[in-house]
Amino acid sequence: MICLGIEGTAHSIGVGVVKDVNGKCRVFSNLIKIYRPEQGGIHPREAANHHAIYLADLIKESVAKAGIDFTDVDLVSFSKGPGLGPCLRTAATAARALSLTLNKPIIGVNHCVAHLEIGRGTLEDCNDPVLLYTSGANTQVIAFAEGRYRVFGETLDVGIGNCIDKFGRIVGIEFPCGPRIEEIAAKGKNYLELPYSIKGMDIAFSGLLTVAEQYYKKGERLEDICYSIQETTFAALTEVTERAMAHTEKDEVLLGGGVAANKRLRGMVQIMANERGASFFVPSKDLCIDNGAMIAWLGLLMHNSGIRMKIKNSLINQRFRTDMVDVTWRD
Ligand code: AMP
Ligand code: MG
């Protein structure tokens, strides 16, 4: 079976085409366009307008790049949530139009679960991981337990990506700021004390952001501030992930989300995994960021397990939580 997936939860609009080959995911195409606000943060309506402009062509290009015809598509899936309402609606509307035109079934999927399943689907020996999902808006530690993907810990205020982007905006770096901050942090030497707030298994970053801004205004070296932000936030995320691994007795850890591109984060989680005798996995970069292929793959898994959705029920849910999904395709 071949599925075309449309991802549109926030700043990116993506279309991917994947096929199920003996239970593993073969990615045929995976195209992404990123909305970059001229200034400030993401304005949901403007992001949705951006997506609407590019989506029709992106669908055509993705099918062409996959080397298939539209008639080869067996299923259409889309990101049902969580995310920004206008963006989600744009992706869902396109998915409905495509499903009706091709006369093929439609399925809406959970974006966070898709980040986890694309790792299991594309990486050899990645079977039952704890996922450290580090994205712009979402940051969660997720693992499978008793029929659901449970959230063992998450950020209570801003996601790690947004935390980095907010600091970047303060110091005049263009969105998305993560890659540039990583470069600057590599030149940092002195660790500056920042609040390290873990509450139970949850994390808060806004206090750290305030102190980092104060350091900047006081004239501390930007390299040292960026270095300290990475060291502190990534250590907190790694600590919660390790606790979830100990609690669930799982011996695989998987990274996902745009911040998983960061070498220091990868390094820290890798060390933690090594020390526990656990396996460490990270998908290729284009499958870590928000992308259509992961939406397509989760659509296929759900469809193959018997889940069906009618067009009239193909609604979006801005607050679609990871643990609301009944996981019928694995045990
Ligand atoms: P996503 O929402 O999953 O597409 O991820 C986007 C987020 O990843 C943005 O907040 C980026 O700043 C962040 N990001 C991308 N590359 C890096 C990097 N190398 N280091 C840290 N954050 C990154
Ligand atoms: Mg994401």
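Derivation of every value follows stated rules applied to the coordinates shown; laboratory data play no part. Predicted model only: the values in this text are computed from it and were never measured. We place every Cβ from the backbone using ideal geometry, glycine too, and count neighbours over all the protein chains shown.
Just need the relative contact order of the chain here, percent rounded to a whole number, with Cα pairs under 8 Å and 6+ apart.
That works out to 26 percent.
Please list, in order, the residues from the range 170-194 whose amide nitrogen is less than 18 Å from a point placed 7 Å along the Cα→Cβ vector of Glu38.
Backbone N within reach: 173-176.
Counting only C-alpha contacts under 8 Å and six or more residues apart, can you give the relative contact order of the range 234-324 as a whole percent?
26 percent
Provide the percentage of antiparallel DSSP beta bridges, counting only those with both residues in the range 1-113; round to the nearest 5.
65 percent
Note down, for the range 216-331, the three equivalent ellipsoid semi-axes (square root of 5 times each alpha carbon gyration tensor eigenvalue), biggest first, whole angstrom.
Computed over the range 216-331, the values are 34, 20, 13 Å.
Measuring from label point to label point, each 7 Å out along Cα→Cβ, what is the Asp157 to Ala246 span in nm?
My value for the distance between the label points is 2.6 nm.
Using 0.36 nm times the number of residues separating Arg45 and Asp323, minus their current alpha carbon distance, what extension gain do you get?
Computed gain between Arg45 and Asp323 is 97.3 nm.
Looking at the chain from every direction and averaging, what is the projected area of its Cα convex hull in nm²?
Average projection, Cα convex hull of the chain: 15.9 nm².
With angles folded into 0 to 90 degrees, how steeply does helix 160-170 sit against the dominant principal axis of the chain? Use alpha carbons for both and round to 10.
60 degrees
Pop a pseudo-label 7 angstrom from the Cα along the beta-carbon direction at both Asp331 and Ile271 and give the gap in nm to one decimal.
4.1 nm
Assign unit charges at the C-beta atoms only (+1 for Lys and Arg, -1 for Asp and Glu), then state the dipole size of the chain relative to its Cα centre in Debye, rounded to the nearest 20.
Using Cβ point charges on Lys, Arg, Asp and Glu, the chain gives about 800 debye.
Just the number, please: Stokes-Einstein D of the range 259-321 in µm²/s, Kirkwood Rh from C-alpha pairs, 25 °C, 0.890 mPa s.
Value of D from the Cα-based Kirkwood radius: 165 µm²/s.
Between the range 229-250 and the range 1-26, what's the alpha-carbon centroid distance in Å?
Each part's Cα centre sits 29 Å from the other's.
In the Gaussian network model of the chain, springs joining C-alpha atoms below 10 Å, which of Glu124, Glu61, Glu174 carries the largest mean-square fluctuation?
Highest fluctuation among the options: Glu124.
Grab the other residues whose beta carbon is less than 12 angstrom from that of Ile295, score K and R as +1, D and E as -1, and report the net.
With Lys, Arg at +1 and Asp, Glu at -1, the net is -2.
Looking at the chain, what % of its DSSP beta bridges pair antiparallel, to the nearest 5?
Roughly 65 percent of the DSSP beta bridges within the chain come out antiparallel.
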